[in-house]
Amino acid sequence: MSSKMHIDKILNSLEEMSPGQNEFYQATQEVLLSLLPLLESDSRYEEYNILERIIVPERSIIFRVTWIDDSGKVQTNFGYRVQFNSAIGPYKGGLRFHPSVNLGIMKFLGFEQIFKNALTGLQIGGGKGGSNFDPKGKSDNEVMRFCQAFMSELYKHIGKHKDVPAGDIGVGAREIGYLFGQYKKLTGEFDGILTGKGLNWGGSKARKEATGYGSVYFAENFLNKYDKSLQDKKCAVSGSGNVAIYTIEKLYDLGAIPISCSDSKGTIYHKNGIDLSALKAVKEIHHGSLEEYASLSCECEYIPLNKYPKDGHAVWHLPCDIAFPSATQNELTLSDIKALHKNGCILVNEGANMPTTPDALEYIKSNKILFSPGKAANAGGVATSQLEMSQNASMSQWSFEEVDIQLRGIMSNIFKTAYETSVEFECEGDLVSGANIAGFRKVADSMIEQGAV
Ligand code: NDP
Ligand code: 2IT
């Protein structure tokens, strides 16, 4: 059987084995198809059935989370932790609290995390977790009781050398604090079992900034390769959470102009540049919406969802040089990329996980638009989480500058690895193939060396 037929067979069987997991099929399809040149050049991966093994999580834990809301009623949510692959290190990956969370979303994120973590060059395996709990509109006490209930089950499955969760959508400093407090109460151990911790109790400086900063460092490396820079570039950023805020901050540092941000309800267009302190005040302090930002900042335009275009976000329909999708999966569609292309966009740099739809990605390839895949461009967050684990192991805390220098070096190495692998496989500049092949090769070789486990 040819390698292509082998891949197709695996992808078909996946849909039969795990029905209704569209995001997971999308992620596996993209990775497996891009491995074709590697599989054709080295028969070991098929000989050892690596593809069949790597698409199945080592363990998926699903649990009930019951907690008491402010009116005294018992509420029930699903909790998940997918421990996908530990070939190169303990499971590592974030926790997402969002009503859309289900097993398919957890598996897509966990699967992507395997290759992302391998690309960092650090010893971390892939995992992901979360809940369909929606922190929006909940009081602090409700969020605390939910986090305590969630950790009351999760603590049995994690450990500093076993599985180390962190934040993702809906899980920031507040949630990590409540989760850590409950772990400590249940086990009596002050252990580095989570990253993204508070700076007074084991957190790493620059972890909060790391995903956004890393995404911009990655874009800088890519542009420099083609004798371009970020200086004076108009950048459309989506999202207004952790990744978007620190993308905007670093874009200003490097001389670019971030002209937008968005949330699930609308887009802010600020031609002369987003007001970063207003954005931080609205999002990090009040946990408010962008309508509130618009009321503080008179020079900007607020465009509600579905006003323009009729069925989506205005953020990709603004004139810009570079797009930084930093909100969520499948947020940048075929009609969005056509609008970006028409408006002169030269690079799409993924800060979020899998924000570009497959047809938009096809368009990007055929029109030779530069493209940084999320598993490479947003790896700065998890890489800095590993730096936090190192600091915890030696009970030390490095300076902000020290962590930032390491982050910059890691992002530049990830770019180099993905780019050089694309050259090795005769698709120069195709970083989707470069990143997937480089990440896969490291994990797959380790699986072969460790035998059939
Ligand atoms: P946050 O929860 O801090 O922010 C998420 C942002 O995305 C919010 O502005 C939210 O708006 C917006 N958003 C969510 N869903 C939608 C939607 N359907 N349409 C439009 N906007 C939406 O999360 P993060 O910033 O941490 O994560 C953003 C992305 O980056 C995710 O894909 C995550 O997996 C990825 N990522 C995060 C890392 C990290 O370290 N935090 C590391 C690597 C990747 P609203 O508030 O209205 O819901
Ligand atoms: O998607 C991701 O890489 C994250 N949410 C960060 C994971 C981590 O362990 O820091």
Selection within segment 384-408 - acidic (Asp, Glu) and either touching an Asp or Glu at 6+ places or on another chain (Cβ under 7 Å) or surrounded by 16 or more Cβ atoms within 10 Å (Cβ to Cβ) (or both): 388, 404
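Anything in segment 192-211 that is outside any loop (DSSP other than H, G, I, E, B) and within 16 Å of residue 411 (Cβ to Cβ)? List them, or say none.
Scanning segment 192-211 gives 207, 209, 210, 211.
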Test set (1) under 30 Å from residue 312 (Cα atoms); (2) surrounded by fewer than 16 Cβ atoms within 10 Å (Cβ to Cβ) - residue 381 fails condition number: (2)
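Can you find a residue in segment 333-346 that is in contact (Cβ under 8 Å) with a residue 40 or more places away in the chain and within 16 Å of residue 243 (Cα to Cα)?
No, the conditions are met nowhere in segment 333-346.
Which members of segment 143-172 meet the condition of being surrounded by fewer than 18 Cβ atoms within 10 Å (Cβ to Cβ) and not in a strand (DSSP E or B)?
153, 156, 157, 160, 161, 162
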Candidates 303, 257, 285, filtered to the one that is more than 12 Å from ligand 1 (Cβ to nearest atom), out of contact with any Phe, Trp or Tyr (no Cβ under 9 Å at 6 or more places or on another chain), at pLDDT 95 or above and β-branched (Val, Ile, Thr): 257
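Yes/no per residue for (1) within 16 Å of ligand 1 (Cβ to nearest atom); (2) farther than 21 Å from residue 97 by Cβ:
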residue	(1), (2)
181	no, no
189	no, yes
193	no, no
198	yes, no
209	yes, yes
212	yes, no
219	yes, yes
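Does residue 101 satisfy being surrounded by fewer than 20 Cβ atoms within 10 Å (Cβ to Cβ), modelled with pLDDT of 95 or more, β-branched (Val, Ile, Thr) and in a loop (DSSP other than H, G, I, E, B)?
Values: surrounded by fewer than 20 Cβ atoms within 10 Å (Cβ to Cβ): no; modelled with pLDDT of 95 or more: yes; β-branched (Val, Ile, Thr): yes; in a loop (DSSP other than H, G, I, E, B): yes.
It is false that residue 101 is surrounded by fewer than 20 Cβ atoms within 10 Å (Cβ to Cβ), modelled with pLDDT of 95 or more, β-branched (Val, Ile, Thr) and in a loop (DSSP other than H, G, I, E, B).
Test residue 274 against the stated conditions and say whether it is of a type outside the set (Ser, Thr, Tyr), free of Cβ contacts under 8 Å to residues at least 40 places away in the same chain, in contact with a strand residue (DSSP E or B) (Cβ under 6 Å, 6 or more places away or on another chain) and assigned to a loop (DSSP other than H, G, I, E, B).
Spelling it out, residue 274 is indeed of a type outside the set (Ser, Thr, Tyr), free of Cβ contacts under 8 Å to residues at least 40 places away in the same chain, in contact with a strand residue (DSSP E or B) (Cβ under 6 Å, 6 or more places away or on another chain) and assigned to a loop (DSSP other than H, G, I, E, B).
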Qualifying residue in segment 281-296 (condition: touching a residue at least 12 places away in the same chain (Cβ under 8 Å) and β-branched (Val, Ile, Thr)): yes
Selection count where residues are under 29 Å from residue 228 (Cβ atoms) and either among the aromatic types (Phe, Trp, Tyr) or not in a strand (DSSP E or B) (or both), scope segment 301-314: 4
Listed residues 125, 94; which is touching a residue at least 60 places away in the same chain (Cβ under 8 Å), within 14 Å of ligand 2 (Cβ to nearest atom) and in contact with a Pro (Cβ under 7 Å, 6 or more places away or on another chain)? 94
Can you list residue pairs whose Cβ atoms sit under 9 Å apart, with the first residue in segment 300-322 being more than 12 Å from residue 235 (Cα to Cα) and free of Cβ contacts under 8 Å to residues at least 60 places away in the same chain and the second being part of a strand (DSSP E or B) and more than 16 Å from ligand 1 (Cβ to nearest atom)? Count only pairs 6 or more apart in sequence or on different chains. 314/301
Inspect all residues belonging to segment 236-250 and state whether any of them is surrounded by 22 or more Cβ atoms within 10 Å (Cβ to Cβ), within 16 Å of ligand 2 (Cβ to nearest atom), farther than 22 Å from residue 114 by Cα and β-branched (Val, Ile, Thr). yes
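Does segment 256-263 contain any residue that is away from ligand 2 (no atom under 16 Å from the Cβ), surrounded by fewer than 15 Cβ atoms within 10 Å (Cβ to Cβ), within 15 Å of residue 322 (Cα to Cα) and not hydrophobic (A, V, I, L, M, F, W, C)? Write out each step before concluding.
First, pick out the residues of segment 256-263 that are away from ligand 2 (no atom under 16 Å from the Cβ): 256-263.
Applying the additional criterion that residues be surrounded by fewer than 15 Cβ atoms within 10 Å (Cβ to Cβ) yields none.
Among the residues of segment 256-263, not one is away from ligand 2 (no atom under 16 Å from the Cβ), surrounded by fewer than 15 Cβ atoms within 10 Å (Cβ to Cβ), within 15 Å of residue 322 (Cα to Cα) and not hydrophobic (A, V, I, L, M, F, W, C), which makes the answer no.
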Could you say whether any residue in segment 335-343 is surrounded by 22 or more Cβ atoms within 10 Å (Cβ to Cβ), closer than 18 Å to residue 128 by Cβ and of a type in the set (D, E, K, R)? no
In this structure, does residue 172 turn out to be within 25 Å of residue 58 (Cβ to Cβ) and either modelled with pLDDT of 95 or more or away from ligand 1 (no atom under 13 Å from the Cβ) (or both)? no
Unique match (being away from ligand 1 (no atom under 14 Å from the Cβ) and of a type in the set (Phe, Trp, Tyr)) among 97, 84: 84
Within segment 409-447, take every residue that is surrounded by 15 or more Cβ atoms within 10 Å (Cβ to Cβ) and of a type in the set (Val, Ile, Thr) and give me the one that is farthest from residue 29 (Cα to Cα). 410
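The values are calculated or read from the model by the stated rules, or taken from the named source; none is laboratory data. Since this is a predicted model, take the numbers as computed values, not measurements. Reconstructed Cβ throughout: ideal geometry from the backbone, glycine too, with neighbour counts over all protein chains shown.
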